[in-house]
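Here is the structure we will look at, set down as structure tokens.
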Amino acid sequence: MEDNKLAIYKIKASINQIASQLKSMPKYQKASEQIKDNEMITSLKLTLRDLYLSLAETKTKYTKEHPSVVEIENKISQAKELMQKERDDESGRFEGFPHGDRGCADRLSED
């Protein structure tokens, strides 16, 4: 009987320790390193790489006002806008999670 009480006491102590650690963490963390790039962003990064290489090569032949240079710069701008939109959409998926007036840590620390 005493062994069971001791085991219960140890488990409750562990739960309280974990609950206190959880309370110190933000509820919804959106750090960029936690949100992995999806396929669209990866594809856009590759496209941007290719466009920048093409732009560098084209600028060796033409001035910055040349239609070819302007066209590539416009494509770069469009790809950047698409990437930002995709990142905004991706991060928006983490917002609006339903949450009550009590967090997970509060529920864990209950007896």
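The stretch between L46 and D88 holds 13.2 nm of extra length on full extension. This uses 0.36 nm per residue minus the Cα-Cα distance. Extension gain, S14 to K64, is 11.5 nm, computed as 0.36 nm per intervening residue step minus the present C-alpha separation.
In straight-distance terms, cross-link reach from K23 covers every one of the lysines whose alpha-carbon lies under 22 Å from its own, apart from those fewer than eight places away in the same chain; here that gives K10, K12. Using the Karplus relation 6.51 cos²θ - 1.76 cosθ + 1.60 with θ = phi - 60°, the per-residue 3J(HN,Hα) values for segment 7-13 come to 4, 4, 4, 5, 5, 4, 5 Hz, with x marking Gly and Pro. Were the residues from Q78 through Q21 laid out at 0.36 nm apart, the gain over their Cα-Cα distance would be 16.2 nm.
None of the figures in this text is laboratory data; all of them are computed from the coordinates on show. Quick caveat, the model's predicted, so the values are computed rather than measured.
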